[in-house]
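Quick notes on the structure that follows.
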């Protein structure tokens, strides 16, 4: 069974078809890169897998079930822009600990395992020194690491990352790369959108080019050589989304 | 001591202080969520909407709490539904529903010859007039609200901070939103006798807003908010007795005073920014 199975997926927003019939399947232990121009539906694909937007046609299955029917804690999601109130009274450690809430439910107290999952996530993203800081006191890269740490602490069965490397410093990008490859080696399926085509072979086992439909699907090297991304590469460079 | 304790020699004052204590703690606890989720307008809206139910209950001789509960909870769920399903912004749906319900209450009351005197007490509260039954309702419903917040603690915190990611992780954000609206509605009903329809929203906002000025952690914010809330209601009730003033108004003025003190302390702790 594939960890993520997307079949004939259409998503319609206010009468506009953001996705027009996608088929993707992602087995365990695979990092799938998703590239495409702005507005191509990359983020929508991740939201559909997360169960945040309903398919208008087709279906999404995660671990064989519709996303909204999964046990809490199955899907770890890090959106592109964290639309949170940065004055909200929580520290980095509080945010990471929230990752445990879905699995714990309302009443189960934090166990030794929960505490160690939080501690390991903080460690893995090098947040130890700033764990007790308020979230408004962080740099952009630190904020991104805090939200990735929350997703890791959740111990998800599927990880969805929406452009985690956009707007972060080089050191954060390197640590995210090492982290993702480590998680994938441990069997986690990862779906990640990016604008960074040049480094796709380092990040991903498989790459898809999306523009409302899937334009190319294969190993990163094969997709890059096929030229399916040529227009996107141009677009990306001229608009400065590249680092 | 006799002078300080003088108000407590009356049964009605003892009841009023118990109600003040509970209302202060409850409103300011819920206020933490109201302020962090930017729901101030909802508190005001639900309080006004309760008036339709109160008016109907009053004119038909039905139970005050039942009337207020039906009107407030129906409006709370209606606001949530219209907002989620109807492509209407939250403040617009509140604005439409609460003014409509409030107008219905005023319309019904205005057609009744015996209603004019009591109108005042509904709008501004009558904490000195609470009965043994009111005290039991306030304590009982207050404990129910506290239990509900305990049961929803983690999902409430997660969805208040980051509803989208919480939902992706499997937390039922829609259910939590509706549950919060109902709990806020019950809090308002419990508080109506003490401070009245017009002023209850202040207790849902001001103590928590003051607390937010002084701390950057959630639990300390809630505890500080409760301390400000209880100080405002109990202190305000005491001061109103001494000053022969409206208790609801005195309570809200004290809370407002605390807010400006907190704002001042917070401004002094922060280095001045260049303009």
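Could you work out the per residue convex hull volume over the alpha carbons of the range A:85-155, in cubic angstrom?
85
Compute the relative contact order of the range B:37-164 as a whole-number percentage, counting only Cα pairs closer than 8 Å that sit 6 or more residues apart in sequence.
For the range B:37-164, the relative contact order is 25 percent.
For the pair residue A:221/residue B:132, report the inter-label distance in nm, with labels modelled 7 Å from Cα in the Cβ direction.
So the two model labels end up 8.8 nm from each other.
If R0 is 41 Å, what FRET efficiency do you get for residue A:116 and residue A:213 from their C-beta distance, rounded to 0.05? Before the final figure, lay out each step's value.
Details: r = 43 Å, r/R0 = 1.06.
Efficiency computed from Cβ-Cβ geometry: 0.40.
In 10 Å bins starting at 0, how do the alpha-carbon pair distances of the range A:25-114 split up by percent?
Taking all Cα pairs of the range A:25-114, the binned fractions are 12, 36, 36, 15, 1 percent.
Can you figure out the FRET efficiency of residue A:132 with residue B:112, using R₀ = 60 Å and their beta-carbon distance, to the nearest 0.05? Mind dumping the intermediate values first?
Values: r = 60 Å, r/R0 = 0.99.
Computed FRET efficiency for residue A:132 and residue B:112 comes out at 0.50.
If I take every Cα pair under 8 Å that is 6 or more residues apart in chain A, average their sequence separation and divide by the length, what percent do I get for the relative contact order?
28
What does the helix-only formula give at 222 nm for the protein assembly as shown: each DSSP H stretch with n ≥ 4 adding -39500 (n - 2.57), the total divided by the residues, and the result rounded to the nearest 500 deg cm²/dmol? Don't skip to the answer; put the middle values down first.
Working: 21 runs with 311 residues, N = 518.
When only DSSP H runs of four or more count, the value is -19500 deg cm²/dmol.
Please give the length that would be gained between residue A:16 and residue A:38 if that part of the chain were fully extended, namely 0.36 nm times their separation in residues minus their C-alpha to C-alpha distance (nm, one decimal).
6.4 nm
Could you line up A:42, A:47 from fewest to most neighbouring Cβ atoms inside 10 Å?
A:47, A:42
Label residue B:151 and residue B:91 with points 7 Å out from Cα along Cα→Cβ: what is the distance between them in nm?
My value for the distance between the label points is 3.4 nm.
First measure r as the distance between the Cβ atoms of residue B:266 and residue A:28, then evaluate 1/(1 + (r/R0)^6) with R0 = 51 Å and state the FRET efficiency to the nearest 0.05.
So the FRET efficiency works out to roughly 0.55.
Can you tell me how much longer the chain between residue A:186 and residue A:123 gets when fully stretched, taken as 0.36 nm per residue apart minus their C-alpha distance, in nm with one decimal?
20.9 nm
Find how much the distance from residue B:219 to residue B:62 grows on full extension, using 0.36 nm per residue of separation minus their present alpha carbon separation; answer in nm with one decimal. Could you put the intermediate results ahead of the total?
Working: separation 157, 0.36 × 157 = 56.52 nm, distance 3.97 nm.
Additional length available on full extension: 52.5 nm.
So what is log10(I(q)/I(0)) for the range B:10-266 at q = 0.10 1/Å, when the Debye sum runs over its Cα atoms only?
Normalising to I(0) and taking log10 leaves -0.46.
When N is the residue count of chain A, what does its C-alpha Rg come to as a fraction of 2.2 N^0.38 Å? Kindly include the intermediate steps, with their values, before the conclusion.
Numbers: Rg = 17.6 Å, N = 243, 2.2 N^0.38 = 17.7 Å.
The value comes to 0.99.
Tell me the Kirkwood hydrodynamic radius of the protein assembly as shown in angstroms, computed as one over the mean inverse distance between distinct C-alpha pairs. It would help to have the intermediate numbers written out before the result.
Numbers: mean 1/r = 0.0393 Å⁻¹.
Final number for the Kirkwood radius of the protein assembly as shown is 25.5 Å.
Sequence gap at least 6, Cα distance under 8 Å: using those rules, report the relative contact order of chain B to the nearest whole percent.
Relative contact order of chain B: 31 percent.
Mind listing the Cα extents of the range B:1-132 along all three principal axes, in Å, largest one first?
60, 42, 19
Quick note: the coordinates plus some simple rules give every number you see, no bench work behind them. Everything numeric in this text was worked out from a predicted model, so none of it was measured. Glycine also receives a Cβ, built like all others from the backbone with ideal geometry; neighbour counts cover every protein chain displayed.
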